[in-house]
Amino acid sequence: MEDKDPLVATLAEITRKYSLSKSMSSSLEQPLRNGRIHCSYGLGEYDEESESKSGTDTGRLSSRASSCMNVYDGKKWVDSGCNLQNRKAGIQREGITPDEGELFLGADLSSAEAYLIAQETGEPFMLELMARGEKLYTWLQKHCESAFPERLAKLKADIGDKKLYTAFKSSTHAIHYGAEPGILCSQHDIPMDVANYAHSLYHRKFPGVGLRMVKIRAELHRTKTLKSVFGRHKIFMGTPGKDMYNNAYAWKSQSAIGELTLYAMSKIYYRGKTAQQYPSLNLPWMFPALNTHDGIMTRFKKGNETAVRKSVYECFYKEITDNEITLRIPIETWLGRNFNESYEIENMGYNG
């Protein structure tokens, strides 16, 4: 069959719905506590008791099952939960809600990986783009559209502005972590001639990106160890090769994002506990309900939007120093009645 055959679209839709239903049913089969699914988080750690690894190779958080007391099963401790932050946009995320009378405030680290790569490489023009609030992937897309106006105009008409923007965003991150043009084409929907141009332009304009990868490979051969900007070390075991290098290229920046969101999540939690325990202080109550890799969904009482947004902003505030450069990653914030809507209803602005 060809992609123009109506059966292809029908089969694709059936497959999508089947995947959606299976994913939803696997979550709903988990035992509940307080009427909700609970999960815990791992930051690339090794659990000796279960002899398994939680988290990810690149240092980002991963949610997983969490033991909870299930009153419907003889009050036994049982595994519950799932990888909540990977719920697909749409009906799956609509099921992740705060309690009655509450809203979600979503806070997302904006272009965090690009900021950290710019800091680590020390590339002057990259830092200049960051300083004036221009995203690296929009800069790359603009130059590619100038070089291939008809080609990308047609692609934009076929897939839409949002998908093209996402393709260049994913491609830029992939270039940071060693991806060649073929990967940009096959995995990120960039036409091959455009991918070749984008890859070449990026490395010509920012040679520090390639030099960074050379330094990381040399460090792995020398010590097998890398250190994050917050001082956490990781030992890369095994024989050096493509998979190890790709994980290492991503680890330093992605682990820093995981650590920064944990830092903010802890501060949000303790600020909320303080508001609960000392009502005379007139602080807004809030609770970190979901960590989404590079952001946090915070529950709060309706009517406290301005105060909670200010408090969450303060919880994310942390200066990061690396390569003798100090910066702060900005956040963007949203409001919503559930996890899905929080990224659609209202963008509350950009904290640059």
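Would you confirm whether any residue within region 132-141 is closer than 28 Å to Asn340 by Cα, out of contact with any Phe, Trp or Tyr (no Cβ under 9 Å at 6 or more places or on another chain) and hydroxyl-bearing (Ser, Thr, Tyr)? Give the steps one after another, and end with the answer.
Step one: list which residues in region 132-141 are closer than 28 Å to Asn340 by Cα, which gives 133-138, 141.
Narrowing the set further to residues that are out of contact with any Phe, Trp or Tyr (no Cβ under 9 Å at 6 or more places or on another chain) leaves 134-135.
Still in the running and hydroxyl-bearing (Ser, Thr, Tyr): none.
Within region 132-141 (the criterion being closer than 28 Å to Asn340 by Cα, out of contact with any Phe, Trp or Tyr (no Cβ under 9 Å at 6 or more places or on another chain) and hydroxyl-bearing (Ser, Thr, Tyr)), the answer is no, since none of the residues qualifies.
So, in region 117-138, how many residues would count as being open to solvent by less than 10 Å² (accessible area, probe 1.4 Å) and within 22 Å of His188 (Cβ to Cβ)? Before you say what the answer is, go through the steps one by one.
Within region 117-138, the first condition is being open to solvent by less than 10 Å² (accessible area, probe 1.4 Å), and the residues that meet it are 117-119, 126, 129, 136-137.
Then keep just the ones that are within 22 Å of His188 (Cβ to Cβ); that gives 117-118, 126, 129, 136-137.
Qualifying residue count for the region: 6.
Would you mind telling me which numbered condition in (1) open to solvent by 50 Å² or more (accessible area, probe 1.4 Å); (2) touching a residue at least 24 places away in the same chain (Cβ under 8 Å) Ala157 fails?
In the conditions (1) open to solvent by 50 Å² or more (accessible area, probe 1.4 Å); (2) touching a residue at least 24 places away in the same chain (Cβ under 8 Å), Ala157 misses (2) alone.
Being surrounded by 15 or more Cβ atoms within 10 Å (Cβ to Cβ) and among the basic types (Lys, Arg) is the filter; apply it to region 247-286 and report the residue that is nearest to Tyr177 (Cα to Cα).
Restricting to residues being surrounded by 15 or more Cβ atoms within 10 Å (Cβ to Cβ) and among the basic types (Lys, Arg), the top hit is Lys252.
Tell me yes or no: at least one residue of region 166-187 is within 20 Å of Ala114 (Cβ to Cβ) and touching a Ser or Thr at 6+ places or on another chain (Cβ under 7 Å).
The answer is yes, given that some residue of region 166-187 is within 20 Å of Ala114 (Cβ to Cβ) and touching a Ser or Thr at 6+ places or on another chain (Cβ under 7 Å).
Given region 53-169, what helices (runs of 4 or more DSSP H) lie entirely inside it while holding 2 or more residues that are among the aliphatic types (A, V, I, L, M) and either at pLDDT below 85 or more than 21 Å from the chain's Cα centre (by Cα) (or both)?
On the way: elements: 91-94, 112-121, 124-131, 136-147, 149-159.
Ranges flagged: 124-131, 149-159.
So, restricting to strands (runs of 3 or more DSSP E) that lie completely within region 250-352, which ones have at least 1 residues that are of a type outside the set (Gly, Ala, Ser) and under 18 Å from the mean Cα position of the chain (by Cα)? Quick ask: steps written out before the conclusion?
Numbers: elements: 286-291, 295-301, 320-322, 325-327, 331-336, 346-351.
It comes to 286-291, 295-301, 331-336, 346-351.
Starting from residues that are out of contact with any helix residue (DSSP H, G or I) (no Cβ under 7 Å at 6 or more places or on another chain) and aliphatic (A, V, I, L, M), keep the ones in region 92-133 and report whichever is nearest to Pro284 (Cα to Cα).
Of everything passing the filter in region 92-133, Leu103 is nearest to Pro284 (Cα to Cα).
Between a first residue in region 184-206 that is touching a residue at least 24 places away in the same chain (Cβ under 8 Å) and a second residue that is outside any helix (DSSP H, G or I) and open to solvent by 80 Å² or more (accessible area, probe 1.4 Å), which pairs have beta carbons less than 9 Å apart while being 6 or more apart in sequence or on different chains?
Between residues of region 184-206 that are touching a residue at least 24 places away in the same chain (Cβ under 8 Å) and residues that are outside any helix (DSSP H, G or I) and open to solvent by 80 Å² or more (accessible area, probe 1.4 Å), the close pairs are Ala195/Glu180; His199/Glu180.
Surrounded by fewer than 21 Cβ atoms within 10 Å (Cβ to Cβ), out of contact with any helix residue (DSSP H, G or I) (no Cβ under 7 Å at 6 or more places or on another chain), closer than 26 Å to Gln119 by Cβ and of a type in the set (S, T, N, Q): which single residue out of Thr225, Thr239 fits that description? Talk me through it step by step, then tell me what you get.
Numbers: Thr239 fails: closer than 26 Å to Gln119 by Cβ.
Residue meeting the stated conditions: Thr225.
The values are calculated or read from the model by the stated rules, or taken from the named source; none is laboratory data. These numbers were taken from a predicted model, which means no experiment stands behind them. FYI the Cβ positions are ideal-geometry reconstructions off the backbone, even for glycines, and counts take in every protein chain you see. Heads up: the accessible areas ignore ligands, DNA and RNA and are worked out on the full protein's heavy atoms, side chains in. Shrake-Rupley method; radii C 1.70, N 1.55, O 1.52, S 1.80 Å.
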